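Notes for the one structure printed next.
The values are calculated or read from the model by the stated rules, or taken from the named source; none is laboratory data. Remember, it's a predicted structure, so these values are computed and weren't measured experimentally. Virtual Cβ from ideal backbone geometry, glycine too; neighbours counted across all protein chains shown.
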Amino acid sequence: MPIELVKEKYSTPINTVEIGLGAQTVKIGGESTLPFLFDEGSMPNAPIVAPEILDCEPTEWSESLKGPFGDSMKDPVRWASKCVKDFNAKILCVRLQSTHPDYGGKNADHVIPIVNAIAKSAGVPLIIIGGGDDERDNDVLPKVSQALKGENCLFGIATQNNYKTLAATCLADGHSIIAESPIDINIAKQVNILISDMGFDPARIVMHPTTTSLGYGMEYVYSIMERGRLAAFIGDKMLAMPFVLFVGSEVWKTKESKESGAAQGINWEVATAVSMLQAGADLLVMRHPDAARTITKYIEIAMDRGGNK
Amino acid sequence: MALSGLDIYKLLPKTNCKDCGFATCLAFAMALAQKKVSLDKCPHITANAREALESAAQPPIKLVTIGTGSHKIEIGNETVMYRHEQKFYHPSAIGFLVEDAFSDADIGKAISDIKKLEFERVGQVISANLICIRNSSKNKEKFISAVKKVAASTDLCIALDSSDPAAMAEAAKAVKGRRPLIISPDAKSAPEFAKIAKENNAPLAVTCTSLDEVAQMTDAVKKAGIEEVVINLNEKSPSRKIQGFTYARRAALKKNFRALGYPVLAFTQQADPSLELAEAISYILKYAGIVIMKGRDKDFVFPLLVARQDVYQDPQKPVQVEPKIYEIGKVTKDSPVAVTTNFSITYFTVAGEVESSKVPTYVICCDSEGMSVLTAWAAEKFTAERIADTLKKSGIEGLVSHKKVIIPGYVSVLSGKLEEVSGWKVNVGPREASGIPNYLRNWK
């Protein structure tokens, strides 16, 4: 019986977003196929893991999560260096937690020297995430953005209700931006349109479809990503952005990761990350170095085309 | 995939002989497409056309049953490529490899470990399904003895993996009533192993190195009388394997290509347990009907089983939590009371933020039929009356000394009405769960 295979060929690849400068530049996106299906298209840039650090010592992290970092966590600059030197990070995510009112409500004056020192000593591209309080973020992020002008960072997070300040400042200072939507494909597209309408290059937007942990609705995000990808591939340019997922921060909130010893938490993070990769994730922000190492190795294995040309 | 009237018409004699009682072959074809009439009414249909039409009426991916009784597993009969198109129906079976080269004590230990892989999560029991016994000793007696030991000590489904037809025949016979999965070692021996499967009324997994080979072999074993077949695609790279699974599923669903219309089996290859977990989850996400792995530590298996549970959730049917009072932290009679819906993600998000606020709080989930706050409000499943009713029936009045209730910021419009019908003072909470810690810390 002759075999009838159906190969999917898509018309529109995902945008490629570059983060950082020179030899250290990290490229994400660019794929023209669903994850790792190399018969049907290409993935010119392997997905990548960015370890997440905070700009202050974490107060709520579990012992199993803090363990591998030791006392480097007392100083974000040392913590960042440890991620690069000991854990081989090629890109780093810095969350400006200290600016949130619940964690000290620090000002840009406090944060900028830290971020500058990290940028200088880590020597890898940076993802800078606000503390999550809209008002504080709108005050602090523009100043941090300006301090890192020309470094080609990735800044976040812009939402449907709060995107203008961040988009304007990223535009002025030459950074890319993370556009977030609440597990909703229409809002995802809407935020991308709103930001693009401000004159922002769509090829400098990275989408955050919202992250949920394994066992806490991971499958909703999984399906939203698949839907978004399929729409982008057949020509919806306002969904053709790479995906970023904040796997670490979501996973390490769950009781399964906090209450059952390190191994289960690490595997919870691995399991969530791999599911996101199979849904089309391009950039995974992760926390535990063992989970990050496993996922980096997994990506290497998954990118192996197994002798296929 | 159902055929259209025109597709059927092409297979009919096109003579308009009226023997079927219809004026034309086309009219008969239309009636067939609507399943209003049986194909038997046409006395002139060719054997080939009959086969094509009958096979079109079958599900595109065969349902395969392994095992018997309450532990049996059913895989296959899937209808979509992506879960958002409808849903995935038959959760992948998760199996563990036991090698007969292990010592007796190690085999015993493996079985008892695997039997313990059972967990409860969101009201469902999730567990391991199958033990695959591999004849790695190449010794027939050892194989039979291991198979008997497994069969005697567990009700889990059994898969048999031996390249020796004599050992396989005897092992299959030893567990005949259990409907084990017979795994053939390669394509060329598939017909021989098909015979063993046939004699023991068991499903057969055909091991092949390419989809072309699979198509030939599933056809051959079908002719040998085996209906329930599983595809074991022996590709080295996990991504090649997933590409193969994707092709097989697509050919079955989009082209109704029967020779690939069977569930697939995947053995993991990674030795490192964390990587093996990642590999196994990839197969579960991408169409595997059975995943068989080596590692059986519960720290790896629990997240694996949860991943399967997640992916096989019905996307149209939200997961719900029980509508009741949830006590978060060491609550007292002065603790705040907050209401939300019983959509599991809404509840888990709220509960997580309440927990991180470190303010002990009563969270009451209203029965909103599993909808999130705004959806439930729009659908009138989260109304002032419903919330008032929940407050009353929950018994919260006996637990706190105040009558203040926090509602989600998005439904602040319900405040007036809720105060009126419930007699509780309404506090409007934040719109997003992320605002909860700050809100609760300042709540009085």
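Yes or no: A:ASP290 within 8 Å of chain B (Cβ to nearest Cβ), of a type outside the set (A, V, I, L, M), touching a residue at least 60 places away in the same chain (Cβ under 8 Å) and out of contact with any His (no Cβ under 9 Å at 6 or more places or on another chain)?
Yes, satisfied.
For region B:222-246, which positions are under 19 Å from B:SER163 (Cβ atoms) and at the interface with another protein chain (Cβ under 9 Å from one of its Cβ atoms)?
Once the filter is applied, which keeps residues that are under 19 Å from B:SER163 (Cβ atoms) and at the interface with another protein chain (Cβ under 9 Å from one of its Cβ atoms), region B:222-246 yields B:GLU235, B:LYS236.
Provide a single number: the residues in region A:257-287 that are facing another protein chain (nearest Cβ under 8 Å) and either more than 30 Å from A:SER42 (Cβ to Cβ) or outside any helix (DSSP H, G or I) (or both).
Final tally of qualifying residues: 7.
Based on this model, can you work out whether A:TYR222 counts as within 14 Å of another protein chain (Cβ to nearest Cβ) and modelled with pLDDT under 95?
In short, no.
Exactly one condition in (1) surrounded by 24 or more Cβ atoms within 10 Å (Cβ to Cβ); (2) modelled with pLDDT under 95 is not met by A:HIS100; state its number.
All conditions are met except number (1).
Based on this model, can you work out whether B:LYS444 counts as at pLDDT 95 or above, over 38 Å from the mean Cα position of the chain (by Cα) and away from every other protein chain (no Cβ under 14 Å)?
It is false that B:LYS444 is at pLDDT 95 or above, over 38 Å from the mean Cα position of the chain (by Cα) and away from every other protein chain (no Cβ under 14 Å).
Considering region B:46-56 alone, what residues qualify as being away from chain A (no Cβ under 14 Å) and free of Cβ contacts under 8 Å to residues at least 12 places away in the same chain?
B:ALA47, B:ARG50, listed by residue number.
Each row is one residue, and each column tells you yes or no for (1) more than 23 Å from B:SER163 (Cβ to Cβ); (2) aliphatic (A, V, I, L, M).
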position: B:ASN200; (1), (2): no, no
position: B:VAL206; (1), (2): no, yes
position: B:ASP212; (1), (2): no, no
position: B:ALA220; (1), (2): no, yes
position: B:ALA248; (1), (2): yes, yes
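Can you find even one residue in region A:202-210 that is surrounded by fewer than 21 Cβ atoms within 10 Å (Cβ to Cβ) and touching a Pro at 6+ places or on another chain (Cβ under 6 Å)?
There is at least one residue in region A:202-210 that is surrounded by fewer than 21 Cβ atoms within 10 Å (Cβ to Cβ) and touching a Pro at 6+ places or on another chain (Cβ under 6 Å).
If a residue must be among the β-branched types (Val, Ile, Thr) and either without any contact (Cβ under 8 Å) to a residue 40 or more places away in the chain or in a strand (DSSP E or B) (or both), how many such residues does region B:72-90 contain?
Adding up the residues that qualify gives 2.
Any idea how many residues of region B:2-18 are without any contact (Cβ under 8 Å) to a residue 40 or more places away in the chain and either among the hydrophobic types (A, V, I, L, M, F, W, C) or touching a Lys or Arg at 6+ places or on another chain (Cβ under 8 Å) (or both)?
The qualifying residues number 3.
What are the pairs with Cβ atoms under 8 angstrom where one residue, in region B:335-359, is facing chain A (nearest Cβ under 9 Å) and touching a residue at least 40 places away in the same chain (Cβ under 8 Å) and the other, located anywhere, is assigned to a loop (DSSP other than H, G, I, E, B) and of a type in the set (Asp, Glu)? Sequence gap at least six, or different chains.
Close Cβ pairs (under 8 Å, with a partner that is assigned to a loop (DSSP other than H, G, I, E, B) and of a type in the set (Asp, Glu)) amount to B:SER356/A:GLU60.
Looking for something within 30 Å of B:GLN243 (Cα to Cα), among the basic types (Lys, Arg) and within 15 Å of the chain's Cα centre (by Cα) - is there at least one such residue anywhere in region B:71-78?
yes
If you check A:GLU60 against the conditions, is it loosely packed, with under 15 Cβ neighbours inside 10 Å and closer than 25 Å to A:ASN267 by Cβ?
So A:GLU60 passes the test.
Name the single residue, out of those in region B:66-105 being β-branched (Val, Ile, Thr) and surrounded by fewer than 16 Cβ atoms within 10 Å (Cβ to Cβ), that is nearest to the other protein chains (Cβ to nearest Cβ).
B:VAL80
For region B:162-272, give me every one of the strands (runs of 3 or more DSSP E) that falls completely inside it and has 1 or more residues that are of a type in the set (A, V, I, L, M), closer than 25 Å to A:ASP304 by Cα and without any contact (Cβ under 8 Å) to a residue 60 or more places away in the chain.
B:229-233, B:264-267
B:PRO43: touching a residue at least 12 places away in the same chain (Cβ under 8 Å) and exposed (fewer than 13 other Cβ atoms within 10 Å of the Cβ), yes or no?
Criteria met by B:PRO43.
Mind telling me which of the residues B:ILE133, B:ILE114, B:ILE144, B:ILE107 ends up being under 22 Å from the mean Cα position of the chain (by Cα) and of a type outside the set (Lys, Arg)?
B:ILE114
Hey, any hits in region B:91-105 for a residue that's in a loop (DSSP other than H, G, I, E, B), within 30 Å of B:PHE348 (Cα to Cα) and modelled with pLDDT of 95 or more?
Yes, region B:91-105 contains at least one residue that is in a loop (DSSP other than H, G, I, E, B), within 30 Å of B:PHE348 (Cα to Cα) and modelled with pLDDT of 95 or more.
Restricting to region A:109-149, give me the number of residues that are in a loop (DSSP other than H, G, I, E, B) and either free of Cβ contacts under 8 Å to residues at least 40 places away in the same chain or more than 20 Å from the chain's Cα centre (by Cα) (or both).
So the count comes out to 6.
Tell me, which strands (runs of 3 or more DSSP E) lie completely within region A:1-62 with 1 or more residues that are within 14 Å of chain B (Cβ to nearest Cβ) and within 15 Å of the chain's Cα centre (by Cα)?
So the answer is A:48-54.
Determine, yes or no, whether B:LYS14 is basic (Lys, Arg), part of a loop (DSSP other than H, G, I, E, B), in contact with a helix residue (DSSP H, G or I) (Cβ under 8 Å, 6 or more places away or on another chain) and at positive phi.
yes
Only residues that are among the aromatic types (Phe, Trp, Tyr) and either in a loop (DSSP other than H, G, I, E, B) or away from every other protein chain (no Cβ under 13 Å) (or both): list them for region A:228-245, please.
Result: A:PHE243, single match.
Under the condition of being of a type in the set (Lys, Arg) and more than 14 Å from B:HIS84 (Cβ to Cβ), which residue from region B:314-331 is surrounded by the most Cβ atoms within 10 Å (Cβ to Cβ)?
Among them, the one singled out is B:LYS324.
Looking for whichever is facing chain A (nearest Cβ under 9 Å), buried (at least 24 other Cβ atoms within 10 Å of the Cβ) and either out of contact with any Leu (no Cβ under 9 Å at 6 or more places or on another chain) or farther than 25 Å from B:ILE131 by Cα (or both) here; the options are B:ALA278, B:ALA259. Which one fits?
Among B:ALA278, B:ALA259, only B:ALA259 is facing chain A (nearest Cβ under 9 Å), buried (at least 24 other Cβ atoms within 10 Å of the Cβ) and either out of contact with any Leu (no Cβ under 9 Å at 6 or more places or on another chain) or farther than 25 Å from B:ILE131 by Cα (or both).
Considering each of B:GLN320, B:GLN309 in turn, give the residue that is more than 9 Å from chain A (Cβ to nearest Cβ) and closer than 30 Å to B:GLU74 by Cβ.
Only one candidate qualifies: B:GLN320.
Tell me which residues, restricted to region A:293-309, are part of a helix (DSSP H, G or I) and facing chain B (nearest Cβ under 8 Å).
Passing the criteria: A:THR294, A:ILE295, A:LYS297, A:TYR298, A:ILE301, A:ALA302, A:MET303.
Taking only region B:290-312 into account, find how many residues are without any contact (Cβ under 8 Å) to a residue 60 or more places away in the chain and of a type outside the set (Gly, Ala, Ser).
Within region B:290-312, residues that are without any contact (Cβ under 8 Å) to a residue 60 or more places away in the chain and of a type outside the set (Gly, Ala, Ser) number 5.
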